[in-house]
Amino acid sequence: MMSGKEVQVCLGLGSNINPETNIPKAIELLRQFLLLESISTAWYTSPVGTSGPNFVNAALLTHTDLTPENFKNKIIRPIEAQLGRIRTQNKYAPRPIDIDFLIWDQQILEPLIWEEAYLAVPVAELLPDLQSQDSKENLKHTAQRLASTSNIVPRPDILPQCQH
């Protein structure tokens, strides 16, 4: 079902099982359904909430006229399944791919974007002027602050074909 209007969506991608293969493959599969406006650099980060393998994270911007539920059921879940994602009760379990809504129609759906470098840094490449409702700090400054105290390293080799 369509929502009736086209909205901007920011997706977060993460992988800690073969991320060098799975992040580019997820983007390739997303391109079969969506026009991707911009894609961040891939970032290598330590896991949050677990001691599992390190992650590679990225973000991208697109537009859709689907509802969030239809977007998830028709695009995200099939791509995750195709790449071998099996959801378990442990939300921190290692995974070949995780695709999440971070921002939908200017609404921040993931408040950790203001607290975690693995989210803030890639999204800040795409939406640097996004402003926190609480602190009024823009995302570019938040990302710089979080990156300065985090183990986050750019991996431009993973998404070299992408336009940043």
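Every read-out reported here was derived from the displayed coordinates using simple, explicitly stated rules and does not represent laboratory data. What you are looking at is a predicted structure, and each value in this text was computed from that prediction instead of being measured. Here Cβ is always computed from backbone atoms with ideal geometry, including for glycine, and neighbour counts include all displayed protein chains.
Once you put a point 7 Å from the Cα of Asn73 and another 7 Å from the Cα of Lys140, both along the Cβ direction, what distance in nm separates them?
Distance between label points: 4.1 nm.
Mind checking which aspartates and glutamates have their C-alpha under 18 Å from Lys5, skipping anything on the same chain fewer than 8 residues away?
Glu37, Asp65, Glu69, Asp105
Give me the net charge for the shell around Leu119: Cβ to Cβ below 11 angstrom, other residues only, Lys and Arg +1, Asp and Glu -1. Write out the running numbers ahead of the final one.
Numbers: positive: none; negative: Asp100, Glu110, Glu115, Glu116.
Cβ neighbours under 11 Å give a net charge of -4.
Could you tell me, in Å, what Rg and Dmax come out for the Cα atoms of the chain?
My reading of the Cα-based Rg and Dmax gives 15.0, 43 Å.
I need the helices of the chain that pass two filters: whole DSSP H segments spanning 15 Å or more by Cα along the axis, and mean Kyte-Doolittle score no lower than -1.0.
19-30
Could you sort 149-155, 61-67, 113-119, 42-48 so that the peptide with the highest average Cβ count within 10 Å comes first and the rest follow in order?
Top to bottom by mean Cβ count within 10 Å: 113-119, 42-48, 61-67, 149-155.
Check each of the trypsin sites (Lys or Arg not before Pro) in region 66-162 and keep only those in coil by DSSP with at most 16 other C-beta atoms within 10 angstrom; list them in order.
Counting only loop positions with at most 16 other Cβ atoms within 10 Å, the trypsin sites (Lys or Arg not before Pro) in region 66-162 are Arg87, Lys91, Lys136.
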